[in-house]
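Novice: Questions regarding the structure given below will be posed in turn.
Bear in mind that the values in this text are calculations on the coordinates, not laboratory data. Here the structure is a predicted model, which is why all the values come from computation and not from measurement. Reconstructed Cβ throughout: ideal geometry from the backbone, glycine too, with neighbour counts over all protein chains shown.
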Amino acid sequence: MAIKSETELYAPVKAYLEQLGYTVRGEVRHCDLVAIRGEEPPVIVELKKSFSIPLLLQAIDRLRISRFVYVAFERPVKGRAPHGATWPELRRLCGMLGLGMIAVQFYKTRKPRVEVECHPPDGSGLAMPLKMPRHNKYAAGKLMQEFQERRADYNVGGSTQRKLVTAYREKSLHLAALLRTHGPMSPKQLRDLTGNAQAAGMLQKNVYLWFERVARGVYKLTPQGEAELQTFAHVVEAYLPTAESDTAEAPKVPVLQNA
């Protein structure tokens, strides 16, 4: 069966990697899927409905961040290699480019089957990659930071034209949830409750227009923030136990008076 969207590849590839002990996140710093296991380097998987030049170009660009990059696509009907090539030819091509390759077979009544056709070359064999893109330590560090700061996996790899739940959005939602629970609060109070050292800066920058300063050093939630808490209710649920348990302990905020 032919899949309708590359997002359908995400769940089976994620499940496959999780069985191998990886923690998986979708849409991290423009990468469709990022998997991390212990202290190992990140594994990046780029997803496309079919094997194509754009898929290879996208994956090659990710080599700046990690040397463990895979392309994943639906295995064509009857297992034939795409574009008239043979599977050995595709494996050799990916090896020369420094990439791994994953094919996903979908069935009408059975779970999809994930098969790793080849792994990125490690330099020990004959299939040495061509000149690799220069490693970008800054981009790699940002990828790891974004991955580690996310509490859970709320995105589906390969998604387009939808709001992604980034680490920054998660932190903003935490601040918004506390303001909804406790009412107007100061940056220091929110920082103490969340452990987020950047709370004050996030309130001041107000990237999403969720916060409004009502007095010196005191912020409240805007109607737009209220609406976004409903939109991302599935994310806010992770913070509700914290918000509820902190209700009694939350510092009292002075009653605001009109100037």
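Novice: Please compute the volume of the convex hull spanned by the alpha-carbon atoms of the chain and report it per residue in Å³.
Specialist: Details: hull volume 39.6 nm³, N = 259.
Measuring per residue, one finds 153 Å³ for the Cα hull of the chain.
Novice: Can you pull out the trypsin sites (Lys or Arg not before Pro) in the stretch 128-179 whose DSSP state is coil and whose Cβ has at most 15 other Cβ atoms within 10 Å? Please report the intermediate quantities before stating the final value.
Specialist: Values: sites: Lys131, Arg134, Lys137, Lys142, Arg150, Arg151, Arg162, Lys163, Arg169, Lys171; in loops: Lys131, Arg134, Arg150, Arg151, Arg162, Lys163.
Filter output for the stretch 128-179: Lys131, Arg134, Arg151, Arg162, Lys163.
Novice: Which entries in Lys142/Lys163; Lys48/Lys171; Lys171/Lys220; Lys137/Lys188; Lys111/Lys142; Lys48/Lys163 show an alpha-carbon gap greater than 23 Å? The partial results should precede the final answer.
Specialist: Details: Lys142/Lys163 20 Å; Lys48/Lys171 30 Å; Lys171/Lys220 16 Å; Lys137/Lys188 33 Å; Lys111/Lys142 35 Å; Lys48/Lys163 20 Å.
Result: Lys48/Lys171; Lys137/Lys188; Lys111/Lys142 exceed 23 Å.
Novice: Right, next: So how strong a dipole does the stretch 167-245 carry about its Cα centre when Lys and Arg Cβ are +1 and Asp and Glu Cβ are -1, to the nearest 20 debye? Could the numbers behind the result be given before it?
Specialist: On the way: 9 positive and 7 negative charges, 79 e Å.
Dipole about the Cα centre, nearest 20: 380 debye.
Novice: On to the next question. Restricting attention to the stretch 161-213, which chymotrypsin sites (Phe, Trp or Tyr not before Pro) occupy a DSSP loop and are surrounded by at most 12 other Cβ atoms within 10 Å?
Specialist: Details: sites: Tyr168, Tyr208, Trp210, Phe211; in loops: Tyr208, Trp210.
Here no chymotrypsin sites (Phe, Trp or Tyr not before Pro) fit, given the DSSP loop and packing criteria.
Novice: Long-range amide H contacts for Gly98: which residues qualify at under 5 Å (H placed 1.01 Å from N, peptide plane, sequence gap of 5 or more or a different chain)?
Specialist: For Gly98, the qualifying residues are Leu130.
Novice: With a cap of 15 neighbouring Cβ atoms within 10 Å, and only residues DSSP puts in a loop, list the chymotrypsin sites (Phe, Trp or Tyr not before Pro) found in the stretch 2-107.
Specialist: Counting only loop positions with at most 15 other Cβ atoms within 10 Å, the chymotrypsin sites (Phe, Trp or Tyr not before Pro) in the stretch 2-107 are Tyr107.
Novice: Determine the equivalent ellipsoid of the stretch 6-149 by diagonalising the alpha-carbon gyration tensor, then write out the semi-axes as square roots of 5 times the eigenvalues, largest first, rounded to whole Å. Intermediate values should be presented prior to the final figure.
Specialist: Details: eigenvalues 107, 76, 32 Å².
Over the Cα atoms of the stretch 6-149, the semi-axes work out to 23, 20, 13 Å.
Novice: Give the relative contact order (percent, whole number) for the stretch 167-245; include only Cα pairs under 8 Å separated by 6+ residues. Please list the in-between numbers first.
Specialist: Details: 83 pairs, mean separation 28.3, N = 79.
Dividing the mean separation by the residue count of the stretch 167-245 yields 36 percent.
Novice: What stretch of the chain, leaving out the sites themselves, is the longest with no GluC sites (Glu not before Pro) in a DSSP loop having at most 14 other Cβ atoms within 10 Å?
Specialist: Values: sites that count: Glu39, Glu237, Glu249.
Answer - 40-236.
Novice: Okay, moving on. Please list, in chain and number order, the residues 5+ apart from Lys49 or on another chain whose amide H is under 5 Å from its amide H, with Hs placed from the backbone.
Specialist: Glu6
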